[in-house]
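J.: Below is one structure. I have some questions about it.
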Amino acid sequence: MTAAARARRERAAVAADDHGGVLSRRLLRELGVDRNALAREVAAGRWRRHGHETVAVHTVALGDVARRWRAIWEVGAGAAVLDGVSALQAAGVTGFGEAVEHVSVPRAVHHGRVSGVRIHRIERGPRELAVAGIPRVRPAVAAIRAASWAVSDRQAALVLALVVQQRVVTAGQLLAAASAVPVRSRRALIPLLAADVAAGAQSLGELDFASLCRRHGLPVPDRQVVRTTPSGRIYLDVCWSDVGLVVEIDGSSHRSGLAVMDDNLRQNAVVLDGGTVLRIDLVGLRLQPEAFMAQVCRAHAALGVSARGVVLTARKGAR
């Protein structure tokens, strides 16, 4: 091996560290690795091609960072950017299990198929791109598109919840993106989910829990009921005082700071006074209203029977 070849290989290894161990053919040319030198490294089993434009300066499987750079280079550097779940992962969001990389390109760009990559043709808005790192859209924009491209409403809700819970996107950024980013799928659902995740219990009015109760044959409950307990006053989201049933509807704010402790104290106080508490999260009520309302109906019916039995017993005793 010549000294020149060894120097080229070392330069390539250092440059590839910033890309997860891979380089594009253009970057290799800038480092002095021409077509013939590349062919010799591959033939010797030291490097491996991963498409037309991507070369790994090793022969092991590609990691996450390398796969993302490969997606950009193979689809088209300068036009393709990470988008959706892939952009969120590059921004540090965890909890996804995507098997492909998502990239977006302008509608006017023509491209071929790339294995392991899902390509979306979109109209990008101004200032959508992140300013540093691998080419990608900003997290708030990526979250809205990921929710639109999700395979189910449940997955869409998970995406929006994770980005706020992991503090990669603020509630305000999510709401702004939900109203500004055009999507093809879930046009009505995504703004509602964003409001549920971002605003928490404040979006309960949009869900109109009272109308859900009427639809399922339940009497309209009282809202924001005040109870006095040994530890002070507590506020209950929804209550049927006649049967002792309380429904607590939890937004994202219930999972932060000391909210969990406050919720536990409030629930325990109701139970110790003989009441029953059901908990429903806002996103769950949005996605599976029938399942949750079936539980509410079941509890109300059972407690109603018990309450009537107590009344009858008391009347018999009065005689």
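The values are calculated or read from the model by the stated rules, or taken from the named source; none is laboratory data. Note that the coordinates shown come from a computational prediction; the quantities given were computed from them, not determined experimentally. Counting neighbours? That spans all protein chains shown, and the Cβs are built from the backbone with ideal geometry, glycine included. Protein only, heavy atoms only, side chains kept; ligands, DNA and RNA dropped before computing areas. Shrake-Rupley method; radii C 1.70, N 1.55, O 1.52, S 1.80 Å.
J.: (1) surrounded by fewer than 18 Cβ atoms within 10 Å (Cβ to Cβ); (2) of a type in the set (Lys, Arg); (3) in contact (Cβ under 8 Å) with a residue 60 or more places away in the chain: which one isn't true of Arg68, the others all being true?
T.: Exception for Arg68: condition (1).
J.: Please work out if His52 is of a type outside the set (Lys, Arg), surrounded by fewer than 20 Cβ atoms within 10 Å (Cβ to Cβ), closer than 27 Å to His110 by Cα and more than 27 Å from the chain's Cα centre (by Cα).
T.: So His52 fits the description; yes.
J.: Just to be sure I understand the filter: pairs with C-beta atoms under 8 Å, separated by 6 or more residues or on different chains, first member in segment 249-275 and within 26 Å of Leu160 (Cβ to Cβ) and of a type in the set (Lys, Arg), second member modelled with pLDDT of 75 or more and in a helix (DSSP H, G or I). Which pairs pass?
T.: Matching pairs, first to second residue: Arg255/Gln165.
J.: Which residue pairs have Cβ atoms under 8 Å apart, sit 6 or more places apart or on different chains, and have a first residue in segment 41-53 that is farther than 29 Å from Gly78 by Cα and a second that is of a type in the set (Ser, Thr, Tyr) and open to solvent by 40 Å² or more (accessible area, probe 1.4 Å)?
T.: Partner pairs satisfying both residue conditions: Gly45/Thr59.
J.: Inspect all residues belonging to segment 152-172 and state whether any of them is of a type in the set (A, V, I, L, M), modelled with pLDDT of 90 or more and open to solvent by 60 Å² or more (accessible area, probe 1.4 Å).
T.: No, segment 152-172 contains no residue that is of a type in the set (A, V, I, L, M), modelled with pLDDT of 90 or more and open to solvent by 60 Å² or more (accessible area, probe 1.4 Å).
J.: Could you count how many residues in segment 82-103 are among the β-branched types (Val, Ile, Thr) and crowded, with 24+ Cβ neighbours inside 10 Å?
T.: Going through segment 82-103 one residue at a time, the tally reaches 2.
J.: Looking at the structure I just gave you, is Ala176 of a type outside the set (Asp, Glu) and open to solvent by less than 70 Å² (accessible area, probe 1.4 Å)?
T.: The answer is yes for Ala176.
J.: Kindly indicate the residue of segment 55-65 that is over 30 Å from the mean Cα position of the chain (by Cα) and open to solvent by less than 60 Å² (accessible area, probe 1.4 Å) and also farthest from Ala15 (Cα to Cα) among those meeting that condition.
T.: Filtering first and then ranking leaves Thr59.
J.: If you don't mind, there's one more thing I want to ask. So, of the residues in segment 104-117 that are assigned to a strand (DSSP E or B) and not small (Gly, Ala, Ser), which turns out to be least open to solvent (accessible area, probe 1.4 Å)?
T.: Looking at the filtered set, the residue picked out is Val105.
J.: Search segment 261-281 for residues being open to solvent by less than 30 Å² (accessible area, probe 1.4 Å) and touching a strand residue (DSSP E or B) at 6+ places or on another chain (Cβ under 6 Å), and hand back the single one that is nearest to Val225 (Cα to Cα).
T.: Val270
J.: Within segment 51-63, track down each residue that is touching an Asp or Glu at 6+ places or on another chain (Cβ under 9 Å) and either among the charged types (D, E, K, R) or not in a strand (DSSP E or B) (or both).
T.: Gly51, His52, Glu53, Val57, listed by residue number.
J.: Mind counting the residues in segment 14-36 that are assigned to a helix (DSSP H, G or I) and closer than 21 Å to Ala77 by Cβ?
T.: 13
J.: Still on this structure: What's the number of the only condition in (1) more than 25 Å from the chain's Cα centre (by Cα); (2) closer than 25 Å to Val168 by Cβ; (3) modelled with pLDDT under 95 that Ala37 fails to meet?
T.: (2)
J.: Assess whether Arg124 counts as being out of contact with any Leu (no Cβ under 9 Å at 6 or more places or on another chain), without any contact (Cβ under 8 Å) to a residue 12 or more places away in the chain, not in a helix (DSSP H, G or I) and not aliphatic (A, V, I, L, M).
T.: No: the conditions fail for Arg124.
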